[in-house]
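The values are calculated or read from the model by the stated rules, or taken from the named source; none is laboratory data. Given the structure is predicted, the values throughout are model-derived calculations rather than measurements. All Cβ positions, even for glycine, are placed from backbone atoms using ideal geometry, and neighbour counts span all protein chains on display. The protein model used for the area step is the full one, side chains on, heavy atoms only, and it has no ligands, DNA or RNA in it. Shrake-Rupley method; radii C 1.70, N 1.55, O 1.52, S 1.80 Å.
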Amino acid sequence: MTTGGLIALSPLIVLAAATVGVMLVIALDRDHKRTAALTLASLVVALLALPIAASATTRQVTPLLVVDDYALFYIGLTLAATFAVAALSYSYLENLAGQHDEYYLLLLSATLGACVLIASNHFVSFFLGLEILSVSLYALIGYVRTRQACIEAALKYLILGAASAAALLFGMALIYAELGTMDYAQIAAARPPPGSADAVLLLVGWGLMLVGIGFKLALVPFHLWAPDVYQGAPAPVTAFVSTVSKGAMFALLVRFFAPMNIHAYPSLVVVIAAIAVASMLVGNFSALLQTSVKRLLAFSSIAHLGYLLVAFLASGALAVAAVPFYLVAYFAATLGAFGVVGARSGPDGDADGFEAYRGLSRRNPWLAAAFTAMLLSLLGIPLTGGFVAKFYVGLAAVQSAVWIPVFVMFLSGALGLFYYMRIVVIMYMRAPADQPITPAASLASRPSGAVLAILTLLVVWLGVFPALFIEIIQTWIAR
Amino acid sequence: MSATFYLLAAVAVIATVLVITHTNAVHALLYLIVSLLAVALIFFTLGAPFVAALELIIYAGAIMVLFIFVMMLLNLGQAATQQERRWLDPRLWVGPAILTIVLLAELAVTLSNTNRLAGGSVVGPKQVGILMFGPYLLGVELASILLLAGLVGAYHLARRDTRRERGEKPA
């Protein structure tokens, strides 16, 4: 590895060093505030290292990682999202008894895993990044050990995660056995003509890999863990699972499948289209039936990943820019929504039932306004980032004539009107007189309040002035 | 050549299924060791003796011994003697022993006939080392982070002060 390689890897090196550094500081003395501050500071340093990494001359660092503009954009997005999660977690954990320092260690290592996934160019780094992310998440999901639901969620995620990782590994082995290479570019270049016997083995390999990828993204046949894990995990961890973990995996999906022109394999396209349609239908219809806010957001996130797959199926310059824009809008709205859930939660458990939100607009109008903005963005109402993102995806899909998924997307998306607005309506209804009024101080402490304000502004800004952000995406991704 | 592989694979699959179905933990562990031995032998016949040795030393050796130690430590007291006497019951070790004898026979056949190696070439420790500290250097570093994450997670989940976390006074 050369000096240029080390410079290119600097954001990842900062993250790894921060993990070890924070651990050593904890070993000397435990202090929740200091650990959180160190974590936030190291994430900022890693973000500041991005321009340095962009100036590096070496982009391919050993056969495993490639730090190109595409990777740097998503690493930046991941680091920013983790910053928001860490700030929300600080307020959330302050309300809980117990030791909180390991939480930040695991958060940093999970982020490193996500960044490795994004920059991976080789099956080895793919699998190692995935495992670092997953192992950290197992412990993070079960972090609040005194809650039964937390442990249950962690166990479910662990068992299904291990099974899907085995499927992924088997798929990789089949592809390696067939092509003799684990490098994405060489896999894309060496593909046999569609229809031959070799292509069948490759298709099986890709299918098994889709199982592993689909699990992480909670796409429909592999989505069964999502509602339970979303409900059981602490709210900031749920935010992390549904943004950073899914975003990194989606970035990898695009990087892996984009160069090989999946449209040459009609069966693969049909499978992905079917997964997208099923995710949108199951996500939207099941969300209608939920009585828990976190489960509702879980199904809504399943549907959103279906929309993203529609953008993935569409080809062309529009689709290339639509995926990152959609991910940014989805990240902002999801982080904000779970941030509000976390801010409403006390030491006994997360605010999950709809009743916990009744009359929120009177007790805490700012929190209610933020939650409304996030839900409207997830729904895709004009003047929010979600609308522009959905419009962008729809445009890209229509241009490449991906008709069935795009119809399902708009028709099933309309169902969102019912389930998202249900929460909004409850928030603006009068609270029952006998309900105790939660003191405002415990609702949203300063760090999480600041993060929520920024996320709300971001959601509105993306909806009102998307042009500036689209320009940023085009200079970074489509270069 | 392929018959060797299929026999080994069958032993591995049967032993693994028995690990899952057995309710007696020690019984299951014995089968798990057999399963790991079979996988190690598959590596050996594929021409990777170094990986086979690592599989034996790390999995069948260190990790399994750790498992059995933990289980014995959990069973201290009056009942322990009874328990250990029951572990010497032939019913408990006959199954794993038969499977191990199959493995031993295969090992003898493979060693007596070098042409039986399935892989074309033998990959030794030197080649593995060159790859590990050459192109896959970052993989080694990432694996260390993976272990760190596992260690921190296990430490947190297994720590012994749930009482204080529930807001009660420590005993």
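Do any helices (runs of 4 or more DSSP H) entirely within the range B:1-71 hold 2 or more residues that are open to solvent by 50 Å² or more (accessible area, probe 1.4 Å) and within 18 Å of B:Val128 (Cβ to Cβ), and if so, which?
Of the helices (runs of 4 or more DSSP H) lying wholly inside the range B:1-71, those with at least 2 residues that are open to solvent by 50 Å² or more (accessible area, probe 1.4 Å) and within 18 Å of B:Val128 (Cβ to Cβ) span B:25-45, B:49-54.
Taking A:Ala329, is it closer than 25 Å to A:Asp69 by Cβ and modelled with pLDDT of 90 or more? Don't jump to the end; show me each part of the working.
Values: closer than 25 Å to A:Asp69 by Cβ: yes; modelled with pLDDT of 90 or more: yes.
Judged against the criteria, A:Ala329 is a match.
Inspect the range A:96-103 for any residue being in contact with an Asp or Glu (Cβ under 7 Å, 6 or more places away or on another chain), within 8 Å of chain B (Cβ to nearest Cβ) and among the aliphatic types (A, V, I, L, M) and give the result as yes or no.
Looking for residues that are in contact with an Asp or Glu (Cβ under 7 Å, 6 or more places away or on another chain), within 8 Å of chain B (Cβ to nearest Cβ) and among the aliphatic types (A, V, I, L, M), one finds at least one in the range A:96-103, hence yes.
For the range A:147-157, enumerate the residues that are closer than 18 Å to A:Leu107 by Cα, within 11 Å of chain B (Cβ to nearest Cβ) and open to solvent by less than 40 Å² (accessible area, probe 1.4 Å).
Once the filter is applied, which keeps residues that are closer than 18 Å to A:Leu107 by Cα, within 11 Å of chain B (Cβ to nearest Cβ) and open to solvent by less than 40 Å² (accessible area, probe 1.4 Å), the range A:147-157 yields A:Cys150, A:Ala154.
Only residues in the range B:137-153 that are more than 7 Å from chain A (Cβ to nearest Cβ) count as the first member; pair them with residues that are modelled with pLDDT under 95, Cβ under 6 angstrom, at least 6 apart or cross-chain, and list the lot.
Taking only residues 6 or more apart or on different chains, the pairs are B:Val140/B:Met132.
Consider A:Ile7 carefully, then state whether it is touching a residue at least 24 places away in the same chain (Cβ under 8 Å), within 14 Å of chain B (Cβ to nearest Cβ), in a helix (DSSP H, G or I) and surrounded by fewer than 21 Cβ atoms within 10 Å (Cβ to Cβ). It would help to see each step written out before you state the result.
Numbers: touching a residue at least 24 places away in the same chain (Cβ under 8 Å): yes; within 14 Å of chain B (Cβ to nearest Cβ): no; in a helix (DSSP H, G or I): yes; surrounded by fewer than 21 Cβ atoms within 10 Å (Cβ to Cβ): yes.
No: the conditions fail for A:Ile7.
For the structure I just gave you, tell me whether A:Val144 is within 13 Å of another protein chain (Cβ to nearest Cβ) and touching a Ser or Thr at 6+ places or on another chain (Cβ under 7 Å).
Criteria not met by A:Val144.
Count, please, the residues in the range A:381-401 that happen to be open to solvent by 20 Å² or more (accessible area, probe 1.4 Å) and farther than 21 Å from A:Met421 by Cβ.
6
So that you can scan it fast, the table gives a plain yes or no per residue for (1) touching a Leu at 6+ places or on another chain (Cβ under 6 Å); (2) not in a helix (DSSP H, G or I):
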{"position": "A:Phe73", "(1), (2)": "no, no"}
{"position": "A:Leu77", "(1), (2)": "no, no"}
{"position": "A:Ala87", "(1), (2)": "no, no"}
{"position": "A:Leu106", "(1), (2)": "yes, no"}
{"position": "A:Ala110", "(1), (2)": "yes, no"}
{"position": "A:Gly113", "(1), (2)": "yes, no"}
{"position": "A:Ser136", "(1), (2)": "yes, no"}
{"position": "A:Ala139", "(1), (2)": "yes, no"}
{"position": "A:Val144", "(1), (2)": "no, yes"}
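For every residue, the table says whether it meets (1) within 11 Å of chain B (Cβ to nearest Cβ); (2) within 28 Å of A:Ile26 (Cα to Cα).
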| position | (1), (2) |
| --- | --- |
| A:Glu94 | no, yes |
| A:Gly113 | yes, yes |
| A:Ser125 | yes, no |
| A:Gly129 | yes, yes |
| A:Ile159 | no, no |
| A:Ala167 | no, no |
| A:Tyr176 | no, no |
| A:Ala189 | no, no |
